[in-house]
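Data block below; observations after.
The values are calculated or read from the model by the stated rules, or taken from the named source; none is laboratory data. This one's a predicted model, so the numbers in the text were calculated from it and none came from an experiment. Cβ atoms come from the backbone with ideal geometry, glycine included; neighbour counts cover every protein chain shown. SASA here: full protein model, heavy atoms, side chains in, ligands and nucleic acids out. Shrake-Rupley method; radii C 1.70, N 1.55, O 1.52, S 1.80 Å.
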Amino acid sequence: MLRAEARVNLAAIERNCRRLARELAPGVALGAVVKAGGYGHGAAPAARAALAGGASWLCVATAAEAAELRGASIAARILVMGALSPEELDDALEARADLVAWDERFVAEVAARSRRPVGIHVKLDTGMGRLGTREVAVADAVAAAVTRSPGLVLAGAMTHTATSDDDPEFMAAQLERFRAWAGPLGEQHRDLVVHAANSGATLRGADAHFDMVRCGIAIYGLDPFHEDAAARRLEPALELTSYVAAVKPIAPGESVGYGRRFVAREPGWIATLPIGYGDGVRRAFTNDLDVLIGGRRVPLVGTVSMDNVTVLLDGRGVEVGERATLIGVQDGEHVAAEELARRIGTINYEIVCGLSARVPRTYHRDGTPV
């Protein structure tokens, strides 16, 4: 048994993509966001599962992420959505990725370096306030610069919604501004792919779908609204497990962990699991997490350390070697990433993306190893 393991069900990712695709009108493409190592699930395996489930685009944030997919012999169309420094641009071009632009300087730089046709997606900032231009006139000028540059193709027009999970009114205002710009541009360029929706916007309704949606968190079976994945008919693809490495009694007044953050008030038993913040189990879970052992919830007690956590047993009936589940299902009991996020005031994205490289990812399809 591995000291820590993230088991990923690729069939679940495939089914989630099929479920999301059913939300879309005919002709609307599903883009699968596999940045940040496929949200902690593994970029290349997640990408293959998403493509098998009906995705036709893969979206990443960096040139290195695009190169990783190409290195895994994935031939699908890739969009690099993030900013690219001059040092990173050649890697993105070598990966044959589409790129995002919001100023003419970058367009000129791509045109000067490209040796093959490059798809460019112009980004209008309609309210996220990060990348993209807020000025419609600037976005139009960037699009014009692309069309007159040999070797460049005006491939897309895009924006990104800031509040699809919690403020539909602001999202609607963003979409209205985006539609006013992208609609006329699409009339001029019939092959243009217009896209705005992330997972939350995709599930909110068809008015955000345009020609393509870019779904990230939902393809992994996590709820973009931070509530209940099952209520969205999404199937979590990842479970995080460890095992019981030691069991020992604890007497009143005895403590466990750094800083003596847990001191026993009555006799009991402590189990140690060899997993900690070096694996991505946040220190903020100190005295605030339930772990599944034998299908029962047991509380984490004491400080989360780099390599170990301790749990308080409700009796001696736990043996060394038993599986411990920190995210996932065990004998019908369930601990979801959304629950972990709520406990420490964050979001499910950060829980899964925070799993470190020290945790092996293993893959299966409904229990059959791949």
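To keep it simple, each residue is scored yes or no on (1) β-branched (V, I, T); (2) under 28 Å from A145 (Cβ atoms); (3) buried (at least 24 other Cβ atoms within 10 Å of the Cβ).
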| site | (1), (2), (3) |
| --- | --- |
| E169 | no, no, no |
| A172 | no, no, no |
| F178 | no, yes, yes |
| A182 | no, yes, yes |
| D191 | no, yes, no |
| V194 | yes, yes, no |
| S199 | no, no, yes |
| R204 | no, no, no |
| I219 | yes, no, yes |
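Results for (1) surrounded by fewer than 21 Cβ atoms within 10 Å (Cβ to Cβ); (2) under 15 Å from I327 (Cβ atoms), shown as yes or no for each residue.
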residue	(1), (2)
V263	yes, no
E266	yes, no
D279	no, yes
A284	yes, no
N287	yes, no
V291	no, yes
V301	no, no
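Tell me the residue from A36, A111, A95 that is at pLDDT 95 or above, in contact with a Lys or Arg (Cβ under 8 Å, 6 or more places away or on another chain) and among the small types (G, A, S), please. Break it down into steps so the answer makes sense when it comes.
Values: A36 fails: in contact with a Lys or Arg (Cβ under 8 Å, 6 or more places away or on another chain); A111 fails: in contact with a Lys or Arg (Cβ under 8 Å, 6 or more places away or on another chain).
Sole residue among the options that is at pLDDT 95 or above, in contact with a Lys or Arg (Cβ under 8 Å, 6 or more places away or on another chain) and among the small types (G, A, S): A95.
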Failed criterion for A64 (all others in (1) part of a helix (DSSP H, G or I); (2) more than 17 Å from the chain's Cα centre (by Cα) hold): (2)
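One line per residue, one yes/no per condition, for (1) without any contact (Cβ under 8 Å) to a residue 12 or more places away in the chain; (2) under 18 Å from P236 (Cβ atoms); (3) of a type in the set (A, V, I, L, M, F, W, C):
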{"residue": "L312", "(1), (2), (3)": "no, no, yes"}
{"residue": "L326", "(1), (2), (3)": "no, yes, yes"}
{"residue": "V335", "(1), (2), (3)": "no, yes, yes"}
{"residue": "A341", "(1), (2), (3)": "no, yes, yes"}
{"residue": "V359", "(1), (2), (3)": "no, yes, yes"}
{"residue": "Y363", "(1), (2), (3)": "no, yes, no"}
Top-ranked residue in the range 98-108 [being among the aliphatic types (A, V, I, L, M) and either modelled with pLDDT under 95 or part of a helix (DSSP H, G or I) (or both); ranked as nearest to E135 (Cα to Cα)]: V107
Residues of the range 306-328 satisfying the condition of being open to solvent by less than 20 Å² (accessible area, probe 1.4 Å) and of a type in the set (G, A, S): A324, G328
